There are 2 protein chains.
Amino acid sequence: MQSEKELLYFEDLNAGSVFDLGTVALTRDEIVTFARQYDPQPFHLDEVAAIPIFGGLIASGWQTVSLFQRLLVDGFLGDVVCLGSPGVNDIHFLRPTFAGKPLSGRLTIGEKRLSKSRPDRGSVTLKCAMLDEEGEAVMTMKGLVIIACTPKGP
Amino acid sequence: MQSEKELLYFEDLNAGSVFDLGTVALTRDEIVTFARQYDPQPFHLDEVAAIPIFGGLIASGWQTVSLFQRLLVDGFLGDVVCLGSPGVNDIHFLRPTFAGKPLSGRLTIGEKRLSKSRPDRGSVTLKCAMLDEEGEAVMTMKGLVIIACTPKGP
């Protein structure tokens, strides 16, 4: 029998805390499958078209972001009481994502703000980075999420 | 035999021009498939978990963005000589995306800036909006893309 997971609330998150979210890599097939459905630009579908611009087939930036989201859910959001996201700022695509290249997610907790209109929740800025094997950022962004406060006792 | 497509270059794009990118809708299966792979939060996977927060199952915000990207490629980027994107700003998730809800993409060309270091290209701001049937914005963002200039003659 599994013990119940300890959930984190707004009060439990501290600005500056860092979460290492694990490492993943995309296969060439996964890159092409995503691109066919959501981003069919030649350099996401066809090695030959991609070489003169990027040196090889690269993943859609939205796939790199979505892959980060998966790491974020598995390594952080799955443990907090998240009520959604109003938006994301400052996405930077700094380096291309190639097939087979290991990418690691890193999250740093940023600014916290208790909601004025709804005191049972607050917003938290998530400073997100996808890093390559050398620790260089491939993609960075600042997400905003709404996190529930610890439920008040009866 | 298909005639060759007329490609658009940096000089051909005018700030303020509006492109209607067409309409799509996600099925419940597509929402759950994307969520299982990239964003397995309960309100993207499970109707019952989603109802108290959003009134029903909602798509990952990244799926709404990716769906916009597909409309953008089919209705705009496929006709311009795009050399990639350095990033995206100000993504706002304004309304949830429910299954079966028709969403229409609209693009407005924003600021243009010729590259100082590489005079064969420039950056263009793409003001992007996904609209619902009432014309209300579901998601907005400002993308930056690098567009090639018209090739110089011999």
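Results for (1) hydrophobic (A, V, I, L, M, F, W, C); (2) surrounded by 15 or more Cβ atoms within 10 Å (Cβ to Cβ); (3) closer than 20 Å to B:Met141 by Cβ; (4) modelled with pLDDT under 95, shown as yes or no for each residue.
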site: A:Gly105; (1), (2), (3), (4): no, yes, no, no
site: A:Glu134; (1), (2), (3), (4): no, no, no, no
site: A:Lys142; (1), (2), (3), (4): no, yes, yes, no
site: A:Ile147; (1), (2), (3), (4): yes, yes, no, no
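Under the condition of being within 14 Å of chain A (Cβ to nearest Cβ) and under 16 Å from B:Phe10 (Cα atoms), the residues counted in the range B:87-124 number 4. Restricted to the range B:1-118, the set of helices (runs of 4 or more DSSP H) holding at least 1 residues that are touching a residue at least 24 places away in the same chain (Cβ under 8 Å) and within 20 Å of A:Leu67 (Cβ to Cβ) comprises B:28-38, B:61-75. You will find that of A:Phe19, A:Phe43, the residue that is more than 30 Å from A:Cys149 (Cβ to Cβ) and of a type outside the set (Lys, Arg) is A:Phe43 and no other. With respect to (1) more than 9 Å from every other protein chain (Cβ to nearest Cβ); (2) at pLDDT 95 or above; (3) under 26 Å from B:Lys5 (Cβ atoms), the lone exception for B:Pro154 is condition (2). Flag: A:Tyr9 matches the condition of being within 27 Å of A:Gly84 (Cα to Cα) and away from every other protein chain (no Cβ under 14 Å). Where residues in the range B:18-42 are hydroxyl-bearing (Ser, Thr, Tyr) and either at pLDDT below 95 or surrounded by fewer than 19 Cβ atoms within 10 Å (Cβ to Cβ) (or both), which of them is farthest from B:Ser60 (Cα to Cα)? Across the range B:18-42, the extreme among qualifying residues is B:Thr23. Taking the residues in the range A:46-78 that are touching an Asp or Glu at 6+ places or on another chain (Cβ under 9 Å) and more than 10 Å from every other protein chain (Cβ to nearest Cβ) as candidates, determine which candidate is surrounded by the fewest Cβ atoms within 10 Å (Cβ to Cβ). The selected residue is A:Gly56.
Would you mind stating whether A:Leu126 is crowded, with 18+ Cβ neighbours inside 10 Å, hydrophobic (A, V, I, L, M, F, W, C) and over 30 Å from B:Ile53 (Cα atoms)? Answer is no for this residue.
The values are calculated or read from the model by the stated rules, or taken from the named source; none is laboratory data. As the structure is a prediction and not an experimental result, all values here were calculated from the model. Using ideal geometry, Cβ is built from the backbone for each residue, glycine included, and neighbour counts are taken over all protein chains shown.
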